[in-house]
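Structure first, commentary second.
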Amino acid sequence: MTIAEFLLFVLTATLGGMFLCGANDLITIFVAPECFSSCSDLLSGYTKKDVRSNKATTKYLLVGGVSSSILVHGFSWLYGSPGGKIELQEIVNGLINTQMYNSLKISIALIFFTIRIGSSFPQPLLINRLLMFMKKCSSFD
């Protein structure tokens, strides 16, 4: 990968983060993190000749694709609840007006959002630290 491709991925990820800061509708909230995470996933495979780098990139892209589909499903629940609105302020107003903010649909949407956010954290680091903690705890017995 040349330096131009590397800089393109870094700048695109930065642009996705910048768009996420100013997001006020569901489409932008979906596209901006996808731009950010896809570029970050591709940067994990920067060294093409390293087999571990290629495996990591493949795993990150697969997990990212699955979690993105879960997020879209959660957005569909949130989109349909207040009557088909995509701007956040309209969604909140629609939920308050119809008193659906405690409904099962919103709970399902929040569960899907939580799954997406949880899958965006670096799982290998979390799993490695959890295993190290478990070894420390078991050594005290």
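The values are calculated or read from the model by the stated rules, or taken from the named source; none is laboratory data. Here the structure is a predicted model, which means the values were calculated and not measured. Virtual Cβ from ideal backbone geometry, glycine too; neighbours counted across all protein chains shown. Please note that ligands, DNA and RNA were not included when accessible areas were found on the heavy atoms of the full protein model with its side chains. Shrake-Rupley method; radii C 1.70, N 1.55, O 1.52, S 1.80 Å.
Matching residues to (1) out of contact with any Gly (no Cβ under 9 Å at 6 or more places or on another chain); (2) β-branched (Val, Ile, Thr); (3) in contact (Cβ under 8 Å) with a residue 60 or more places away in the chain:
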{"site": "VAL10", "(1), (2), (3)": "yes, yes, no"}
{"site": "THR14", "(1), (2), (3)": "yes, yes, no"}
{"site": "PHE30", "(1), (2), (3)": "yes, no, no"}
{"site": "GLY45", "(1), (2), (3)": "yes, no, no"}
{"site": "THR57", "(1), (2), (3)": "no, yes, no"}
Restricting to the range 1-43, give me the number of residues that are closer than 16 Å to ILE117 by Cβ and among the aliphatic types (A, V, I, L, M). 5
Pick from the range 13-52, criterion among the hydroxyl-bearing types (Ser, Thr, Tyr), open to solvent by 40 Å² or more (accessible area, probe 1.4 Å) and part of a helix (DSSP H, G or I), ranking: nearest to GLN89 (Cα to Cα): THR28
For the range 98-120, does any single residue satisfy the condition of being of a type in the set (Gly, Ala, Ser), surrounded by 15 or more Cβ atoms within 10 Å (Cβ to Cβ) and farther than 20 Å from ASP25 by Cα? yes
Which residue is farthest from VAL66 (Cα to Cα), if the candidates are limited to the range 98-113 and must be modelled with pLDDT of 80 or more and aliphatic (A, V, I, L, M)? LEU104
